Every structure is written in structure tokens, then in C-alpha cells.
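Heads up, the thing below is written out as C-alpha cells.
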Amino acid sequence: PGLVLHVSLRGKMMRPVPDGSPDDVVIMNAAAGEDWDGFVKYCVGWNLAGLECLSGIPGFVGGTPIQNVGAYGQEVAETIVDVSVYDRQTDVVRTLSSNECGFGYRSSIFNSTEQNRYVVLSVNFQLMKGGSPKLAYRDLQEHFDDRMATLGEVREAVLNIRRAKSMVIDPADRNSRSVGSFFKNPIVENKIFDRISAGFENMPKFAFNETHVKIPAAWLIDNAGFHKGYELGNAGISANHALALINLGGATATDILALKNEIQAAVDDRFGISLVPEPIFVGF
């Protein structure tokens, strides 16, 4: 029950840059209903750096600020200048600056403190004309073996890596029937990581700040007794990505939730860490 809006606003254009900005700065505006990967492809085609690592993500431009979409070492918060929104509470159209959006790791005011208040209308991104691609992710660094790469080459590499993990939609690949990574990578205090890692050799981590680290949720799932290709009724874990929960055919929301609960319970029991889902649950 409830009202569902299908935002189909389309259009993308270059906007004037603020006075005093460097010559290579470009402000790109995209309406909320623009296909996200199509927009990334368009920007890369114009040699605009800042979004190349976010290639292949299904969805629309308007969805990207909601959870501060990120992948392969890049987040939209790095380039978002502001977001035009319809405020359902005051019945006005507003422009929220990047700071006002409250971006964090896979979060913003849109999916936390102000959930359901705003409808995203368009987004302004600050990109760099002729800028260098971001190669912060290990898979990309290894792919290019420390050589210089173009934006187009990085986009193609990201698409190939995602495709190998069934993270690009393919009707012929049942492992791609997912909503992407189902769980966030947990962020824990250094002392908690030290306690857990004492029982494992070379437990992976990523630096988050001076006091916390990020642990790959996929590693936790693997070491909590699950494996790629695990099945529970009509739901399962992708054979190519431990973080993707897939519909094997005829799965209901209840089936997916049962698998989610089983994974969360096992990880909590083994490591004392609560995995937090990334998807938004509607109606339950």
C-alpha cells in the first residue's frame, strides 16, 4: 500500500562554473531519471574524470546520492556539488549542498535522518576535463600494473571486472539477478579488528581513519561457513560474488530475508559483528 513515483525526468548539460574555478573544472548536471551508466559513459566520452570507477552500476542518477553510491575506490560524494530536491514536508523545491546531504559511507540524510522526505530531481557533479582516472582499488591497480590508463580504459576494466563477478545485468546469467552488494563492509575499532584477526592469517582490512578499519563483508561471510553458490530454498549466494544474494527463480522477499537472517546470525556468532544490509526494505 502507498504511493509509488516513477521519476522519469531526463536531460544532462554542462553548467557554468563558479568564478575563479580552474579551467579544467566542469559542472555536469543530470536529471534524476537519467540512466546512471549511460551518464557515466557520456562523461567518460567527453574525457571528464570523476565517475569512471562507477561504471556498470544499474539504476538512475537520482538514486546515487541516496546511499552515496560507491565502487572501486570512488564515491559520488567526491564529485557532487549539490542536489535539487522536492521537499515533501514544505512543498517546495530546494537545492541541498554536498555538506547538507550529510554524506558518509553508503549513507546520506536521504536514507537516514530525512528518509522519505525528499524526492531527488537532479544532481550537479564537479568533474575534471582531461583529469586522471582514479586507481585506488587493488583490482584496478593490478589490472594496469602501475601503468598510466585513460578514462575509457578504466571504465572498460571496471565493466569487465564487474561482469566477471556477475555484477552487470545479464539475462543469461542467473547470478546477476541481485540488488548488488547486500551488506555494507563493517567499520570497527582497531582493537576489535586486532582481536578478531589474531585467529586468522592475513585477515584483510582497509584503513578508514586513525581509530577504525573497514573489514570486507565478503570475507566475513566466507569465514562464517558460507560459500559462493550457497542455496536456501529459492534464494542463494551468487556463485561469483559472496555479497550478492540472488533469486534462483521464484524467490519471494521472505526467501531473501531468510537467507539474510541466516548469514547475519552466523557472522555475529563467529565474529561478534552485525552485518548491516544496503538495500532499502519497502513495506516490511
Original post:
What share of all Cα pairs of the chain, in percent, falls into each consecutive 10 Å distance bin?
Top reply: 6, 25, 33, 26, 9, 1
Original post:
Quick one: ranking Trp219, Trp46, Trp36 by accessible area, 1.4 Å probe, largest first, what do you get?
Top reply: Trp46, Trp219, Trp36
Subject >> the chain, relative contact order [Cα under 8 Å, separation at least 6], % >> reply: 15
Original post:
Along the positive direction of the dipole of the chain (beta-carbon charges: Lys, Arg +1; Asp, Glu -1; about the Cα centre), which of Val168, Thr254, Gly180 reaches farthest?
Top reply: Thr254
**OP:** Could you work out which residue, out of Asn175, Asn247, Asn116, moves most in a Gaussian network model of the chain, that is, has the largest mean-square fluctuation with Cα springs under 10 Å?
**Re:** Asn116
Subject >> Amide N of the range 125-163 lying under 15 Å from the label point, which is placed 7 angstrom from the Cα of Ala207 along Cα→Cβ >> reply: 136-138
Original post:
Using modelled amide H (1.01 Å from N, peptide plane; none on Pro or chain starts), what sits under 5 Å from the amide H of Ser122, excluding residues fewer than 5 places away?
Top reply: Ala32, Ser84
Subject >> Whole-percent carbon and sulfur share, accessible surface of the chain, 1.4 Å >> reply: 51
Original post:
In debye to the nearest 20, how big a dipole does the chain give about its Cα centre with +1 on each Lys and Arg Cβ and -1 on each Asp and Glu Cβ?
Top reply: 360
Original post:
Given springs between every Cα pair under 10 Å in a Gaussian network model of the chain, which of Arg94, Arg155, Arg177 has the largest fluctuation?
Top reply: Arg94
Original post:
Roughly how many debye, to the nearest 20, is the charge dipole of the range 84-128 about its Cα centre, given +1 on each Lys and Arg Cβ, -1 on each Asp and Glu Cβ, and no other charges?
Top reply: 100
**OP:** Of the listed pairs Lys165/Lys205; Lys228/Lys260; Lys134/Lys228, which have alpha-carbon separations greater than 18 Å here?
**Re:** Lys165/Lys205; Lys134/Lys228
Subject >> Backbone N within the range 28-47 under 14 Å of label point (7 Å from Arg15 Cα along the Cβ vector) >> reply: 28-32
Original post:
Top mean-square fluctuation among Glu153, Glu52, Glu210, Gaussian network model of the chain, C-alpha springs under 10 Å?
Top reply: Glu210
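The values are calculated or read from the model by the stated rules, or taken from the named source; none is laboratory data. Just so you know, these numbers come straight off a predicted model, no measurement behind them. Counting neighbours? That spans all protein chains shown, and the Cβs are built from the backbone with ideal geometry, glycine included. Surface accessibility is based on the protein's heavy atoms, side chains included, excluding ligands, DNA and RNA. Shrake-Rupley method; radii C 1.70, N 1.55, O 1.52, S 1.80 Å.
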